[in-house]
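Down below is the structure, laid out as structure tokens.
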Amino acid sequence: MSKTRIRAVWGTAQSEYIKWICSSRMLIFLCALIFIDQFAVKPLVEISKQTGVKLGLFEPFIAITNSDVLLMIMPIVFITLIGDFPKNDGNMLFCVQRTWRVNWLLGQMLFLVMSSLTFMLGVILSTFLAAAGYLQWSEQWSATVTDYSRLFPENADSVAANLIPENLYYQYVPLRSAGNSAVLIFLLLLVCGLIMLVFAELRQKLLGVGINVFLLLTGGAAIYLETPIRWAFPCCNAIVKTHFTKFFRQQIYEISYSYIYFFSIIVSLILLSLVLLRKTNFLTAGEE
């Protein structure tokens, strides 16, 4: 790739990112982070106070990324934040003509990567802030997570006691669990964004949003019902705990298959987007 093309791609991505990060929609992200922390982080902090044992550094993040409820909410929040992606304003046609179509498209994809990383980083940093003073570095699970139900049997069925289930702490060390969770959810966000990009090229932005929401809600129902078809949905593949049985060191579904699943979808959507690019009329691309 020539330096001119790299500059064009980076310039497109940088311009879109600055407009996005300065958008008033970031208030939605802030409100979502507050809700997420109240839903998962604060309960963990409370049981940490009860046990007198600090949480592992990444345990609040692991609780968030393995919550069936929050795994529905986070992608929907992300879709809301990039709801007009790719942005079709008065400068769009000028940008496409100046940078060429392929460079513009690659710039949009780079913006999608940057916005997804920003979203994930925001979630991680918010857990550190919400649990500040109750975190410590450890390569093992804290006793707050593993022993709380035994120490306080009357609270064994509480939400806080089950935020990090046996599926995780019997199978993975915290760092490995956090790493896989972060990467898989990042890939989930990329899939959501690429679906929106493809349907924007088809002049069906709202349909793209609708398909994303349908996949998330239907996948959530499949996870709840524990049907084999759940592995056909992106959200199930993004939750680490669903890959394991509760007590035995045995995977229900190889986590490597989930990586293959996401990479296959991402590559397919990128190729489809490149094919559709030749037929896209940028004068009317934003019309529904």
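Students often get this wrong: which residues of the stretch 67-87 have the backbone nitrogen under 14 Å from the point 7 angstrom along Cα-to-C-beta of Lys19?
82-87
At a 10 angstrom cut-off on C-beta neighbours, averaged per residue, how do the peptides 129-135, 104-110, 190-196 rank from highest to lowest? Write out the running numbers ahead of the final one.
Numbers: 129-135: 15.3, 104-110: 22.1, 190-196: 23.7.
By packing density, highest mean first, the sequence is 190-196, 104-110, 129-135.
Most exposed first by the Cβ proxy, i.e. fewest other Cβ within 10 Å, how do Asp84, Asp157 rank?
Ordered from fewest to most neighbouring Cβ atoms within 10 Å, Asp84, Asp157 come out as Asp157, Asp84.
In what order do Arg25, Arg7 fall by count of nearby beta-carbon atoms within 10 Å, going from fewest to most?
Arg7, Arg25
Starting from the Cα of Ile76, step 7 Å along the direction of its Cβ; do the same at Ala156; then give the gap between the two resulting points in nm.
3.3
Helix 205-225: angle to the longest alpha-carbon principal axis of the chain, degrees 0 to 90, nearest 10?
In the chain, helix 205-225 runs at an angle near 20 degrees to the longest axis.
What list do you get for Val9, Val102, Val53, Val145 if you sort them by fewest beta carbons within 10 Å?
Val102, Val53, Val9, Val145
May I ask for the angle, rounded to the nearest 10°, between helix 174-201 and the longest principal axis of the chain, with both axes built from Cα atoms and the value confined to 0 to 90°?
For 174-201 against the chain, the angle is about 30 degrees.
What angle, in degrees between 0 and 90 and rounded to the nearest 10, separates the Cα long axis of helix 42-51 from the longest principal axis of the Cα atoms of the chain?
Tilt of helix 42-51: around 20 degrees.
Quote to one decimal, in nm, the extra length available between Lys42 and Phe186 on full extension: 0.36 nm per residue of separation minus the C-alpha distance between them. Don't skip to the answer; put the middle values down first.
Numbers: separation 144, 0.36 × 144 = 51.84 nm, distance 2.38 nm.
Extra length from Lys42 to Phe186 when fully extended: 49.5 nm.
Please compute the contact order of the chain in relative form: average sequence separation of alpha-carbon pairs under 8 Å and at least six residues apart, divided by the residue count, as a percent.
25
Under a GNM of the chain (C-alpha, springs under 10 Å), which listed residue has the highest mean-square fluctuation: Leu70, Leu163, Leu271?
Result for the chain, Cα springs under 10 Å: Leu271 fluctuates most.
Values quoted throughout were computed directly from the atomic coordinates according to the rules given, and no laboratory measurement underlies them. Worth saying up front: this structure is predicted, and the values here are computed from it rather than measured. Reconstructed Cβ throughout: ideal geometry from the backbone, glycine too, with neighbour counts over all protein chains shown.
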